[in-house]
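Each remark here refers to the structure printed beneath this line.
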Amino acid sequence: MSLIEIQRAAASAVQAFKKASPTIVLIATLAAAAFAWKTREGAKAPAVDPLTTIGRTYVASLGDVYAGAWIEGASALESGKSVADALGVVAGSWQAGRVALFDKTAAPAFSKIVAENTADADVTAQNKTALAAAWRSFAAGLKSPATGK
């Protein structure tokens, strides 16, 4: 192989690399993102206590409730309601949905500490301390794993 042929082959290889480099970068980026995502999934810290787990479940389910509210709002628009009325449907559905979700998922755990409808005068200092700890545990489950806020 002559020097000219080697130079042409090298130039051809460089051109091919220049054409393929955006694709290579994209593939490498996607692979790194997929790896990071899978690593993050596997690295979820175990819940410290059941209330933290309830918080994680609750916050994950809130997205479904919120999506349902917007779908109901879209249906209201399609049925001829005004934008303001459809937004009212979204707000009402969101409020009812999140309260129902809380009542189903979190309230029973808190009621084990202080029963619902217990008069304030009947709540002891120990109850308040236990409830405060439970609320903090629940809040820990609500925090975003990405931001920790």
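Key figures for this structure:
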item: Pairs from K128/K149; K81/K149; K104/K128 whose Cα-Cα separation, in the structure shown, is over 26 Å; result: K81/K149
item: The stretch 96-127: trypsin sites (Lys or Arg not before Pro) in DSSP coil with no more than 12 other Cβ atoms inside 10 Å; result: K112
item: Interatomic Cα distance distribution for the stretch 47-149, bins of 10 angstrom, percent; result: 15, 33, 27, 18, 7, 1
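Every read-out reported here was derived from the displayed coordinates using simple, explicitly stated rules and does not represent laboratory data. The structure presented is a predicted model; accordingly, all values stated were derived computationally and were not measured. No Cβ is skipped: glycine too gets one built from the backbone with ideal geometry, and neighbour counts run over all protein chains shown.
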